[in-house]
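Before any comments, here is the structure.
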Amino acid sequence: MRCSSVSSMTSYQRVRGDELASARDAWFRADYRACLDALDILTPVSASQRTEALLLRARALWRLNDPAATIPLLREAESWVVGADQLATLRMLLGSAVARVESEGEGLAILDDAVLFASERNVHPAIVAEIEHHRALVYWMRRDLDRAESIAGAVARAGADIISARGFQLCGFVSAARGLHAQAYHRFLEALQTLTACEQRDDFLAANLMQQVAMYEAELRGTISIPQWRVAVPQVMTADADVAPVQRTQAAFYETYSALNDDDPERAFQRARIADALAPSEAYRAGALAMRAKVSRIYGEMRNAREHAYHAADLAERIDWNETDDDESLGLLVVAEELRWYDLPRARRMVRGYEGIGGKKDALLVRTPSALYRAIQDLLIGAVRSMGHERDVDAIARLRRACSTFRSAGYLWRTAWALIELDGAYRRMGMTAPDDYFLAGAQEIIQRHFPRSFLARLGALAQRDMAVGEPSGR
């Protein structure tokens, strides 16, 4: 059954004008800067065109994570915008921006008033659904998960085209925040299925969903079953795409790991190369180069591996990491973890540099559960700091924490990776551990779930190290 073709983005009067048509098309393609460029040269010829241009600008700025710029525009426009649908949309955008920038409580109050206004003025149901979705987002920002899920679930069931797909997506984030990762995966799949059945397009939402699905299909490998219909969904990740490059780059990272766990070198090299091509910033590029180094090292192309690793390190050392957000800054650890095989002192300096970064994050954009984010940090930091022969109790503690968190989340291959790192750390540091306890645990996971994984090679190397009594340069 197809979704309704009407939503709050289609309820405005369509005006034949090249600039406005170009701006509208750019918005749906998720090229928000092109949308703003088209609006900048638009000279409105009617009140309806002026209103649509304003609301389109506000939406583009929202998607570019610049809600502060929308607040003065929307507050000034309240005096001249007419039409119940348009006023309701304006107040929705204003309330959401205020919640992100100024006060969550004040923004929520504006959104509550918008709901009441919409009810009194018979505003189109799709716009009402979108207002409710924005209310759910504010509760998400507050981490009031029960309210966020309740409202988002109602939006998902409202049959409101793209807005309902966004409702399923937010329900997925709520499940992830609760640690229900298999449920989160299936909710993201539900959002993707809803989106593919909709009349409208939203390339940004599609890229976000593909990123979340790719993440869970990589991380929960061995824990979830991937449905057959997934292979029929058109891929939105191509090397020359300019839509949502952050999400596409992250999706390429996860698909690289999936390929490595499948022992599919052609796909692993391709996905790592795509991540490099799509990287929207130097921080993401450094991480992508480190991933290319990892793939090359795993498949024995040591000259390329070393070149990519040093290229990543050179780039990383030119970046002001204090100006990056949390997801970007993790790239510094990705670089350090791979560089440790070639230049351990330099890798350790990078870890120390990472520990001094002050992270910045918009509350709306915090999607990875904090425990898992910390576990990934712990794994990468612990892997670098435990490489030497000196005893580093904190590195051991980090690897143990990471292993426990990954195991409880169902992140099996990361659990195995952490166990292999723990085994090597104990042996290099001369610390006492139960006989091959860590390595045996890793090998059990690998043999049961990932017999062809790159981790099997690491496990075999660790077994060889046990026999000869010293670590290899793997």
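The values are calculated or read from the model by the stated rules, or taken from the named source; none is laboratory data. All of these numbers come straight from a predicted model, not from anything done at the bench. In this analysis, Cβ positions are derived from the backbone assuming ideal geometry, glycine residues included, and neighbour counts consider all displayed protein chains. These accessible areas exclude ligands, DNA and RNA; they are computed on the full protein's heavy atoms, side chains included. Shrake-Rupley method; radii C 1.70, N 1.55, O 1.52, S 1.80 Å.
Taking 0.36 nm per residue of separation and subtracting the Cα-Cα distance, what length does fully extending Thr223 through Ala84 add?
Working: separation 139, 0.36 × 139 = 50.04 nm, distance 4.85 nm.
Stretched fully, the Thr223-Ala84 segment lengthens by 45.2 nm.
What order, most packed first, do the peptides 385-394, 162-171 have when packing is the mean number of other Cβ atoms within 10 Å of each residue? Walk me through the numbers before you get to the answer.
Numbers: 385-394: 15.6, 162-171: 26.4.
In decreasing order of mean packing, 385-394, 162-171 become 162-171, 385-394.
How large are Rg and Dmax for segment 406-456 when only the alpha carbon atoms are used, in Å?
Reported Rg and Dmax, both Å: 11.0, 31.
Taking all protein chains in place and a 1.4 Å probe, what share, in percent, of the accessible surface of segment 54-199 do carbon and sulfur account for? Before the final figure, lay out each step's value.
Details: 2530 of 5280 Å².
For segment 54-199, the apolar C and S fraction of the accessible surface comes to 48 percent.
Starting from the 7 Å offset along Cα-to-Cβ, what nm value, one decimal, do you get for the label separation of Ser103 and Tyr310?
Output for this residue pair reads 5.8 nm.
Return the calculated 222 nm mean residue ellipticity for the chain, to the nearest 500 deg cm²/dmol, obtained by summing -39500 (n - 2.57) across DSSP H runs with n ≥ 4 and dividing by the residue count.
On the way: 22 runs with 326 residues, N = 474.
After summing the helix terms and dividing by the residues of the chain, the value is -22500 deg cm²/dmol.
Pull out the extension gain between Arg33 and Arg147, defined as 0.36 nm times the separation in residues minus the alpha carbon to alpha carbon distance; nm, one decimal.
Difference between extended and current length: 37.7 nm.
Figure the gain on full extension for Phe117 and Asn322 (residue separation times 0.36 nm, minus the Cα-Cα span) and round it to one decimal in nm. Could you put the intermediate results ahead of the total?
Details: separation 205, 0.36 × 205 = 73.80 nm, distance 4.28 nm.
Gain on extension, Phe117 to Asn322, equals 69.5 nm.
With r as the distance between the Cβ atoms of Ser370 and Gln447 and R0 = 30 Å, compute the FRET efficiency 1/(1 + (r/R0)^6) and round to 0.05.
Working: r = 32 Å, r/R0 = 1.06.
Once rounded, the FRET efficiency stands at 0.40.
Which whole-number percent gives the relative contact order of segment 24-87, counting Cα pairs below 8 Å spaced six or more residues apart? It would help to have the intermediate numbers written out before the result.
Details: 36 pairs, mean separation 17.6, N = 64.
Once divided by the residue count of segment 24-87, the mean separation gives 28 percent.
Would you tell me the accessible area of Val45, worked out with a 1.4 angstrom probe on the heavy atoms of the protein chains, in Å² to the nearest 10?
Approximately 120 Å² of Val45 is accessible to the 1.4 Å probe.
If I take the Cα coordinates of the chain and project them onto the principal axes, what are the three extents in Å, biggest first?
Its Cα atoms span 80, 40, 40 Å along the three principal axes.
Lys and Arg at +1, Asp and Glu at -1: add these up for the other residues within a Cβ distance under 11 Å of Asp392 and post the number. Don't skip to the answer; put the middle values down first.
Working: positive: Arg348, Arg385, Arg391, Arg398, Arg428; negative: Glu390, Asp394.
Summing Lys and Arg as +1 and Asp and Glu as -1 gives +3.
If one takes the longest principal axis of the Cα atoms in the chain, at what angle in degrees, from 0 to 90 and to the nearest 10, does the Cα axis of helix 47-63 lie?
10
Of Phe253, Phe450, which has the most accessible area with a 1.4 Å probe, and how do the rest follow in descending order?
Numbers: Phe253 35, Phe450 5 Å².
Ranked list, largest accessible area first: Phe253, Phe450.
With an 8 Å cut-off on Cα pairs and a minimum separation of 6 or more residues, tell me the relative contact order of the chain in percent. Provide the component values of the computation, followed by the final result.
Working: 734 pairs, mean separation 47.5, N = 474.
Computed value for the chain: 10 percent relative contact order.
Just flag the GluC sites (Glu not before Pro) in segment 32-101 sitting in loop per DSSP whose Cβ has no more than 15 other Cβ atoms within 10 Å.
Details: sites: Glu52, Glu76, Glu78; in loops: Glu78.
Within segment 32-101, the qualifying GluC sites (Glu not before Pro) (loop, at most 15 other Cβ atoms within 10 Å) are Glu78.
Determine, at each q value in 0.14, 0.15, 0.17 (inverse angstroms), the log₁₀ of I(q)/I(0) that the Debye formula gives when each Cα of segment 182-331 is one equal point scatterer.
The calculated log intensity ratios at q = 0.14, 0.15, 0.17 Å⁻¹ are -0.71, -0.80, -0.99.
What accessible area per residue comes out for segment 21-99, rounded to a whole number of Å², with a 1.4 Å probe? Can you show the working numbers first?
Details: 2980 Å² over 79 residues.
Heavy-atom accessible area per residue stands at 38 Å².
Leaving out ligands and nucleic acids, note down the accessible area per residue over segment 255-401 with a 1.4 angstrom probe, in whole Å².
42
Taking all protein chains as present, what is the carbon and sulfur share of the accessible area of segment 280-344, in % to the nearest whole number, probe 1.4 Å? Walk me through the numbers on the way to the answer.
On the way: 1020 of 2550 Å².
Roughly 40 percent of what the probe reaches on segment 280-344 is carbon or sulfur.
What's the angle, to the nearest 10 degrees (0 to 90), between helix 18-28's Cα axis and the longest principal axis of the chain?
Approximately 40 degrees, to the nearest ten.
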